[in-house]
Amino acid sequence: QVQLVESGGGLVQPGGSLRLSCAASGSGFSIYAMAWYRQAPGRQRELVATITTGGTTNYADSVKGRFAISRDNAKLTVYLQMNSLKPEDTAVYYCKVVASPPGKTYTYPYWGQGTQVTVSS
């Protein structure tokens, strides 16, 4: 299976910045899209940003203008640059990769382990 390892979370003050990384491992997978989700305590998991292997991006309205998703296809890594962070951005952030296993035509969502982002004074 595809293994996703996240890093870059931590504690930051309001207005600060963080950069999350999600590195995928596994050979022979066809990756179609990558995304970042977040889940705050007591809330449903929400989609934050998506990016295709071709570079097409989409963002939740709550993060537009502040967050930027990018990817390095050669390194099989997706990033989330988070600027102008607000307390309401506090959540566990999860990356997701939609991919087909080697020799298969179906797709499957693979999830990272999550990384905590806390925005507080």
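The values are calculated or read from the model by the stated rules, or taken from the named source; none is laboratory data. Keep in mind the model is a prediction, meaning the values are calculated, not measured. All Cβ positions, glycine included, derive from the backbone under ideal geometry; neighbour counts span all protein chains shown. When the accessible area is computed, the model is the full protein with side chains, heavy atoms only, and any ligands, DNA or RNA have been set aside. Shrake-Rupley method; radii C 1.70, N 1.55, O 1.52, S 1.80 Å.
Of everything in the range 9-41 that is at pLDDT 95 or above and assigned to a loop (DSSP other than H, G, I, E, B), the residue that is surrounded by the most Cβ atoms within 10 Å (Cβ to Cβ) is Gly9. Scanning the range 28-66 for residues being under 21 Å from Ser120 (Cα atoms) and hydroxyl-bearing (Ser, Thr, Tyr) gives a total of 2.
Out of curiosity, is Tyr108 open to solvent by 10 Å² or more (accessible area, probe 1.4 Å) and either within 22 Å of Pro14 (Cβ to Cβ) or within 12 Å of the chain's Cα centre (by Cα) (or both)? Taking the combined requirement at face value, the residue does not satisfy it. Residues of the range 74-91 that are closer than 15 Å to Pro14 by Cβ and without any contact (Cβ under 8 Å) to a residue 60 or more places away in the chain: Glu88, Asp89, Thr90, Ala91.
Which residues, counting only those in the range 72-114, are hydroxyl-bearing (Ser, Thr, Tyr) and farther than 23 Å from Thr53 by Cα? Ser84, Thr90, listed by residue number.
Taken over the range 68-92, the criterion of being of a type in the set (A, V, I, L, M) and open to solvent by less than 50 Å² (accessible area, probe 1.4 Å) is satisfied by Ala68, Ile69, Val78, Leu80, Met82, Leu85, Ala91, Val92. Of the set (1) in a strand (DSSP E or B); (2) open to solvent by less than 60 Å² (accessible area, probe 1.4 Å), all apply to Leu47 but (2).
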